[in-house]
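Engineer: One structure, pasted below without further comment.
Every number here is computed from the coordinates shown, using simple stated rules; none is lab data. Remember, predicted model here, so these are calculated numbers, not experimental data. Cβ sites come from the backbone with ideal geometry, for glycine too, and all protein chains shown count toward neighbours.
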Amino acid sequence: MKKDLLVIGGGPAGISAARFARAMNPHLEVAQIRTSPLTVIPCAIPYSMGRTVPRDSIVIPDSMVTGVGVDLIVDVVVEVKDKVATLQSGGKVEFDKLILAIGSKPIIPPIPGAELEDVFSIKDRKSMIRVEEALEHANSAVIVGGGFIGLEVGTELRRRGMDVSIVEMLPHCLQTVFDEEFCEAAEFKMRAEDIRICTRSTAIGIEADRGMKRVHLDSGVDLLADVVIFGIGVRANTGLASKMGIELGKFGVKTDKYLETNIEGVYAAGDCRSKINFVTGKETPVKLASIAVWEGVTAASNAVSEHRREFPGVIGSFATKIFDLSLGMAGLNEKMAQGEGIRYAVGTCEVPDKHPATMPETCNLFLKLIFDCSSGALIGAEIKGGDSVGELINFLSFCIGKKMKVDDLVFLQHCSHPLLTPLPSSNPVMLAAKDAMMKM
C-alpha cells in the first residue's frame with residue numbers, strides 16, 4: 001500500500017491533519033493509523049464517568065476521516081524505516097510524507113499498589129469503560145492529582161453522590177496553571193460540596209483492605225476508598241520517534257517552526273511534540289487538544305502543500321468548570337512572569353456578567369490581566385465566574401497572540417446586552433486594562 005501522506009495517531013492532531021490534507025488536495029492518497037478500534041473526545045471522559053453525558057456520545061465517529069476519503073487503519077506501528085511503516089499485523093504502508101501524532105501516556109507513580117484492581121489511570125475508551133464499570137459498585141473514590149482532570153473527575157463523582165478525596169502534592173490544586181487566589185476559589189468550591197482536599201500530600205502506597213483500597217500519604221494520613229484514580233497528568237509518547245532516530249526536546253519530539261523533525265518529510269503534532277511558549281520562547285509541557293488541532297492542521301499544510309505555515313508557539317488557553325464555578329487562564333500568570341524576570345503590571349476588576357445584576361443567572365466575574373511594562377503587551381489573563389468565562393478567555397488568548405497592548409484594550413469597541421454582558425461602562429477587559437494602565 002502506497003500513500004502520499006501517512007498520519008500515525010488517532011487523536012485530535014491526527015484527525016485534524018488527515019482531514020485538512022484531504023481538504024487541501026482531494027486527490028491525495030491519505031491514510032491514518034490508530035491503535036484503538038474507537039476513539040473518544042478525551043476532555044469529555046470525566047463527564048461520561050459522572051453520567052452527565054452517555055458513554056457512546058463522546059465517541060468520535062470514524063466518518064470524521066473516512067467520510068473525507070481517508071483510509072483508516074486500526075493497527076500498531078512497530079517500525080518506520082526508509083519511508084515504510086511496518087504494522088504489528090505484518091502489513092506495510094509506504095508513504096511520501098509522514099505526520100507523527102502519537103499523543104501522550106498517563107503518568108502512573110511508581111508506588112506499591114499502583115497495579116491493584118480498582119486502581120486506574122484514564123486515557124482512552126478502554127480504560128474509561130473499566131473505570132465506569134468499577135464505579136457502578138463504588139461509593140467512594142480517592143483521586144491522586146489536583147489538576148484539571150482530577151478536579152473535573154472529582155466534581156462528576158461527587159455529583160453521583162460518592163465520597164471523594166483529592167490528593168495534591170503542591171500547596172494548592174490547579175497551581176501549575178493559576179495564581180493562588182484562583183486556586184483557593186476552586187478549593188473553596190470543592191470543600192463547600194464536601195470534597196476532601198489533601199494538599200501538600202503525596203500518595204506513597206496503596207493496599208487492599210477488606211475489599212477497599214487504603215491510600216497511604218506521606219503526611220501520615222490514610223484514605224480509604226472503593227476506587228483510586230490517578231489524574232497526575234501525561235507525558236509525551238516518544239517511543240516510536242526515538243526508534244526512528246528523531247531528535248527529542250525537553251517535553252517531546254523536537255521540530256522546527258514548520259513542525260518538521262530532523263528527518264526530512266517527517267512532521268510531528270499534538271501531545272507527542274515538545275512545545276515552545278509564545279511569550280517566553282522556552283520549551284513548555286503544555287498539552288491541550290485545542291493546540292493539537294492547530295498543530296495537526298499546520299503540519300498537514302506544510303507536508304502536502306507549497307504554502308509553508310509557521311507555528312508561532314503556544315499561548316496555553318485553559319478553562320474548566322467546578323460545579324457552578326468556571327475558571328479560565330491564558331498566557332502567563334504572575335508567578336510565571338516573576339520566574340521569567342518580567343517587569344509587569346496587573347489590572348483587575350470584578351463586575352456582574354449581566355446588567356442589571358438582578359438579571360436571572362447573573363454571576364460575578366473577576367478578571368485579572370497581566371501586561372509587560374516594557375512593551376505594554378498583554379501577556380496573561382485569569383478569570384473566574386460563570387459560563388461566559390470560556391469565550392472571554394478565548395478572546396484574551398487571541399489578544400495575547402496578536403500582541404495587543406494595554407491601550408488597545410482600554411479603548412476596546414464592544415457590544416452590550418442586558419442578558420449577555422456587563423454594563424456598557426463596566427466591560428471587564430476595559431476596566432482591568434485601565435487599572436493596569438494606571439500602574440505602568
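Engineer: So if each residue of separation counts as 0.36 nm, and I subtract the Cα-Cα distance between Ser374 and Glu283, what length gain in nm does that give? Could you put the intermediate results ahead of the total?
Structural biologist: Working: separation 91, 0.36 × 91 = 32.76 nm, distance 2.27 nm.
Separation in residues times 0.36 nm, less the Cα-Cα distance, equals 30.5 nm.
Engineer: Where does the longest stretch of the chain lie that holds no GluC sites (Glu not before Pro) found in a DSSP loop with 11 or fewer other Cβ atoms within 10 Å? Before the final figure, lay out each step's value.
Structural biologist: Numbers: sites that count: Glu115, Glu117, Glu136, Glu264, Glu306, Glu310, Glu361.
Longest gap between qualifying sites, sites excluded: 137-263.
Engineer: How large is the helix-only mean residue ellipticity at 222 nm for the chain, computed as the sum of -39500 (n - 2.57) over DSSP H runs with n ≥ 4, divided by its residue count, in deg cm²/dmol to the nearest 500? Write out the running numbers ahead of the final one.
Structural biologist: Values: 12 runs with 114 residues, N = 440.
One gets -7500 deg cm²/dmol as the mean residue ellipticity at 222 nm.
Engineer: If you find the alpha carbon centre of the range 343-397 and of the range 26-64, how far apart are they in angstrom?
Structural biologist: Cα centres, the range 343-397 to the range 26-64: 33 Å.
Engineer: Counting only trypsin sites (Lys or Arg not before Pro) that are in a DSSP loop and have at most 14 other C-beta atoms within 10 Å, tell me the longest site-free stretch of the chain. Each step should come with its number before you reach the end.
Structural biologist: Details: sites that count: Arg51, Arg200, Arg210, Lys250, Lys257, Lys282, Arg308, Arg343, Lys402, Lys439.
The answer is 52-199.
Engineer: How large is the Kirkwood hydrodynamic radius of the range 108-232, in angstrom, based on all distinct alpha carbon pairs?
Structural biologist: For the range 108-232, the Kirkwood estimate is 14.4 Å.
Engineer: Related question: Hey, what do the phi angles of the range 165-170 turn into as Karplus ³J(HN,Hα) couplings, whole Hz, using 6.51/-1.76/1.60 and θ = phi - 60°, x for Gly and Pro?
Structural biologist: Listing the rounded values in order: 10, 10, 10, 9, 6, 7 Hz.
Engineer: Within a Cβ distance under 14 Å of Ser388, other residues only, what is the Lys/Arg minus Asp/Glu net charge?
Structural biologist: Values: positive: Lys321, Lys354, Lys384; negative: Asp324, Glu350, Asp353, Glu361, Asp387, Glu391.
Neighbour charge sum, excluding Ser388 itself: -3.
Engineer: What residues qualify as long-range amide H neighbours of Ser104, i.e. H under 5 Å apart, gap of 5 or more or another chain, H built at 1.01 Å from N?
Structural biologist: Asn237
Engineer: Give the percent of DSSP beta bridges with both residues in the chain that are antiparallel, rounded to the nearest 5.
Structural biologist: Working: 54 of 88 bridges.
Looking only at bridges with both residues in the chain, the antiparallel portion is about 60 percent.
Engineer: Run the dipole for the range 318-430 about the Cα centre, Lys and Arg Cβ at +1, Asp and Glu Cβ at -1, nothing else charged, and hand back the magnitude in debye, nearest 20.
Structural biologist: Details: 9 positive and 12 negative charges, 44 e Å.
With Lys and Arg at +1 and Asp and Glu at -1, about 220 debye.
Engineer: Sticking with this one: Across bins of 20 angstrom width beginning at 0, how are the C-alpha pair distances of the chain distributed, in whole percent?
Structural biologist: Bin by bin from 0 Å, the calculated values are 24, 52, 23, 0.
Engineer: Just going by the charge dipole of the chain, with Lys and Arg at +1 and Asp and Glu at -1 on Cβ, which of Ser127, Val221, Cys399 is farthest out on the positive end?
Structural biologist: Cys399
Engineer: Could you give me the ³J(HN,Hα) list for the range 73-88, computed from phi with Karplus coefficients 6.51, -1.76, 1.60 and θ = phi - 60°, whole Hz, x at Gly and Pro?
Structural biologist: Running phi through 6.51 cos²θ - 1.76 cosθ + 1.60 with θ = phi - 60° gives 10, 9, 5, 10, 7, 9, 7, 10, 8, 6, 6, 9, 9, 9, 9, 4 Hz.
Engineer: For the range 319-411, run through the chymotrypsin sites (Phe, Trp or Tyr not before Pro) and keep only the ones in DSSP coil with at most 13 other Cβ atoms within 10 Å of their Cβ. The partial results should precede the final answer.
Structural biologist: Numbers: sites: Phe323, Tyr344, Phe366, Phe371, Phe395, Phe398, Phe411; in loops: Phe323, Phe411.
Here the chymotrypsin sites (Phe, Trp or Tyr not before Pro) that fit, given the DSSP loop and packing criteria, are Phe411.
Engineer: If you don't mind, another one. List the residues, sorted by chain then number, that are 5 or more residues from Leu170 or on another chain and whose placed amide H is less than 5 Å from its amide H.
Structural biologist: Here Arg200, Ser201 satisfy the definition.
Engineer: For Arg273, enumerate residues with amide H under 5 Å from its amide H, sequence gap 5+ or separate chain, H modeled in the peptide plane.
Structural biologist: Val253
Engineer: If you stretched the chain out fully between Asn364 and Met438, how much longer would it get, using 0.36 nm times the residue separation minus the C-alpha to C-alpha distance?
Structural biologist: Taking Asn364 through Met438 to full extension adds about 24.3 nm, to one decimal.
Engineer: Still on this structure: Select from Pro37, Met190, Ile111 the residue farthest towards the positive end of the dipole of the chain; place +1 on Cβ of Lys and Arg, -1 on Cβ of Asp and Glu, and compute about the Cα centre.
Structural biologist: Going by the charge dipole, the pick is Pro37.
Engineer: Looking at this model, which pairs from Lys368/Lys402; Lys2/Lys275; Lys250/Lys384; Lys105/Lys257; Lys282/Lys354; Lys243/Lys321 are more than 28 angstrom apart at the alpha-carbon?
Structural biologist: Values: Lys368/Lys402 18 Å; Lys2/Lys275 31 Å; Lys250/Lys384 32 Å; Lys105/Lys257 25 Å; Lys282/Lys354 39 Å; Lys243/Lys321 40 Å.
The pairs that break the limit, which is 28 Å between Cα atoms, are Lys2/Lys275; Lys250/Lys384; Lys282/Lys354; Lys243/Lys321.
Engineer: So if I place +1 on the C-beta of Lys and Arg and -1 on the C-beta of Asp and Glu, and nothing else carries charge, what would the dipole magnitude of the range 108-232 be about its Cα centre? I want it in debye, nearest 20. Walk me through the intermediate numbers first.
Structural biologist: Numbers: 14 positive and 23 negative charges, 41 e Å.
The calculated dipole for the range 108-232 is roughly 200 debye.
Engineer: For the range 321-402, what is one quarter of the convex hull surface built on the Cα atoms, given in nm²? Provide the component values of the computation, followed by the final result.
Structural biologist: Values: hull surface 23.1 nm².
If you wrap the Cα atoms of the range 321-402 in a convex hull and average its projections, you get 5.8 nm².
Engineer: Would you tally the net charge around Ala319, using a Cβ to Cβ cut-off of less than 12 Å, leaving Ala319 out, and scoring K and R as +1, D and E as -1? Before the final figure, lay out each step's value.
Structural biologist: Working: positive: Lys321, Lys384; negative: Glu152, Glu382, Asp387, Glu391.
Residues near Ala319 contribute -2 overall.
Engineer: Can you tell me, using C-alpha contacts under 8 Å and at least 6 residues apart, the relative contact order of the range 329-437 as a whole percent?
Structural biologist: Values: 212 pairs, mean separation 36.9, N = 109.
Relative contact order of the range 329-437: 34 percent.
Engineer: What does the charge count near Glu260 come to, summing +1 for each Lys or Arg and -1 for each Asp or Glu among other residues with Cβ under 13 Å from its Cβ? Each step should come with its number before you reach the end.
Structural biologist: On the way: positive: Lys97, Lys254, Lys257, Arg273, Arg308, Arg309; negative: Glu247, Asp256, Glu264, Glu295, Glu310.
Surrounding charge for Glu260 is +1.
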